[in-house]
Protein chains: 2
Amino acid sequence: MFVLGIDPGLSRCGYGAVTGGRRPHAVAAGVLTTPRDEPLPDRLAALDLEIRQLLAELRPDAVAVERVFFQTNVRTAMSVGQASGLVLAAAAQSGAEVAQYTPNEVKQAVAGFGAAPKEQVQRMVQSLLGLTERPRPADAADALALALCHLASAPLARRVARIAGGGR
Amino acid sequence: MFVLGIDPGLSRCGYGAVTGGRRPHAVAAGVLTTPRDEPLPDRLAALDLEIRQLLAELRPDAVAVERVFFQTNVRTAMSVGQASGLVLAAAAQSGAEVAQYTPNEVKQAVAGFGAAPKEQVQRMVQSLLGLTERPRPADAADALALALCHLASAPLARRVARIAGGGR
């Protein structure tokens, strides 16, 4: 399975694509940015086009998006929500399976416990993907962690859904 | 000028299109809905397609979108934010001028004071557009009010921008 992780944000939107298998490996990782001094609608429009281009280029089987919550900074939380809205819409339209994970779920899956510090998550991502260096910037590392989290969670989630649906 | 007002929401997204001039009149009004029992990404994807179809059909010169804030209901606020994100992105991509107005700015423009009750706003929208009945449902009335607000505000805003930019 080929999974694209996306850590939504308006100023910085991290992405990381991972191919599953016995030894998962990173295919692409980076950060989409929009200029802070441009009007909000133009920034959202630019991000939307870049996300759609990324989906068209990579054609992932699944997209794992960080589930957004209200943070202390209300201004940031709204733009993160707006960015996540268009990421989820574009991902669903691409035909990929779309899943959302909380930061704690990602940390639990990648580092073994939900309160793991950021640096430990980055070291685990590096180790799991066999990278020679710590993945950078942090937004790209978070996105790779999201993709790894989905690769770890999806098989069980599918089995649960199959059993709950009455299949075998 | 032809203005499309949009009151973003995931379960109910109101729209109302108004042509300006000495006597503005309503061209279209309604509500886009997505089923509450479907997964969030699918609902956002469906809303995105409907908004883009609406923009392609109506081809407004400007789109006036309600500025979203955090309300008491945090769950709703996030989905409203997500819906507004894709509305703003699609509107900017359509080439239309995009403006955002707070509910108070809309009430001020349409009813004369920012704390006007919903019913008074609806009566004023009816009167300003020469409608035989109160516009319904409420979401469509709010969207028509947004369009009227933009028609009232845009000429002054453009003059201010021209003077501030050093033009005449």
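The values are calculated or read from the model by the stated rules, or taken from the named source; none is laboratory data. Just so it is clear, the model here is predicted, and its values are computed rather than measured. No Cβ is skipped: glycine too gets one built from the backbone with ideal geometry, and neighbour counts run over all protein chains shown. Quick note on the areas: whole protein, heavy atoms, side chains included, nothing else; ligands and nucleic acids left out. Shrake-Rupley method; radii C 1.70, N 1.55, O 1.52, S 1.80 Å.
Taking the inverse of the average 1/r across all pairs of different Cα atoms in the protein assembly as shown, what Kirkwood radius in Å do you get?
Hydrodynamic radius (Kirkwood, Cα only) of the protein assembly as shown equals 21.3 Å.
When the solvent-accessible surface of protein heavy atoms is calculated with a 1.4 angstrom probe, in what order do B:His25, B:His150 fall, highest first?
B:His25, B:His150
On C-alpha positions alone, give me the angle between the axis of helix A:118-129 and the longest principal axis of chain A, in degrees, nearest 10.
Long axis of A:118-129 versus the principal axis of chain A: about 50 degrees.
What value in Å³ per residue do you get for the convex hull of the alpha-carbon atoms in segment A:107-152?
Measuring per residue, one finds 57 Å³ for the Cα hull of segment A:107-152.
In Å², rounded to the nearest 100, what is the total accessible surface buried by chains B and A against each other with a 1.4 Å probe?
Chains B and A together bury roughly 1900 Å² of accessible area.
Give the longest segment of chain A that steers clear of chymotrypsin sites (Phe, Trp or Tyr not before Pro) in DSSP loops with at most 13 neighbouring Cβ atoms within 10 Å, not counting the sites themselves.
Within chain A, the longest run free of exposed chymotrypsin sites (Phe, Trp or Tyr not before Pro) spans A:1-68.
For A:Val27, tell me the accessible area in Å² from a 1.4 Å probe, rounded to the nearest 10.
80 Å²
With a 1.4 Å probe and all protein chains in place, put A:Lys107, B:Lys118 in order of accessible area, largest first.
Sorted by accessible area, descending: B:Lys118, A:Lys107.
If contacts are Cα pairs under 8 angstrom and at least 6 residues apart, what is the relative contact order of chain A in percent?
It rounds to 29 percent for chain A.
Accessible area per residue, 1.4 Å probe, Å², for chain B: what's the number?
Value returned for chain B: 49 Å² of accessible area per residue.
Classify segment A:43-145 as rounded, prolate or oblate, taking a ≥ b ≥ c as the square roots of the eigenvalues of its Cα gyration tensor: rounded when a/c is under 1.5, otherwise prolate if a/b is larger than b/c and oblate if not.
Oblate.
Using modelled amide H (1.01 Å from N, peptide plane; none on Pro or chain starts), what sits under 5 Å from the amide H of A:Gly5, excluding residues fewer than 5 places away?
Placed amide hydrogens put A:Gly16, A:Ala17, A:Val18, A:Ala64, A:Ala147 under 5 Å from A:Gly5.
Assume the label is 7 Å from Cα along Cα to beta carbon: what separations in nm does B:Phe113 have to the matching positions in the other copies?
5.9
Using only Cα atoms, find the angle between the long axis of helix A:138-164 and the longest principal axis of chain A, and express it within 0 to 90 degrees, rounded to the nearest 10.
50 degrees
What ranking of A:Asp61, B:Asp48 comes out by heavy-atom accessible area, probe 1.4 Å, highest first?
The ordering from most to least exposed comes out as A:Asp61, B:Asp48.
Sum -39500 (n - 2.57) across every DSSP H segment of at least 4 residues in the protein assembly as shown, then divide by the residue count to get the 222 nm mean residue ellipticity, nearest 500.
Here the helix-only value at 222 nm equals -17500 deg cm²/dmol.
Could you name the lysines in cross-link range of B:Lys107, using Cα to Cα under 25 Å and dropping any fewer than eight places away on the same chain?
B:Lys118
From the C-alpha gyration tensor of segment B:1-91, pull out the three semi-axes of the equivalent ellipsoid (sqrt of 5λ each), sorted largest to smallest, in whole Å.
Gyration-tensor ellipsoid for segment B:1-91: 24, 14, 10 Å.
In segment B:1-134, what percentage of the DSSP-assigned beta bridges are antiparallel, given to the nearest 5?
About 60 percent, rounded to the nearest 5.
Round to the nearest 10 and give me the degree value, 0 to 90, for the angle of helix A:74-93's Cα axis relative to the longest principal axis of chain A.
Value to nearest ten degrees: 60.
Taking θ as phi - 60°, what are the ³J(HN,Hα) couplings along segment B:31-42 by the Karplus curve (6.51, -1.76, 1.60), each to the nearest whole Hz, with x for Gly and Pro?
Here the 3J(HN,Hα) series is 9, 8, 10, 10, x, 5, 8, 8, x, 3, x, 5 Hz.
Once the cut-off is 12 Å, how many percent of the Cα-Cα pairs in segment B:3-52 end up in the long-distance tail?
Above the 12 Å cut-off, segment B:3-52 has 64 percent of its Cα pairs.
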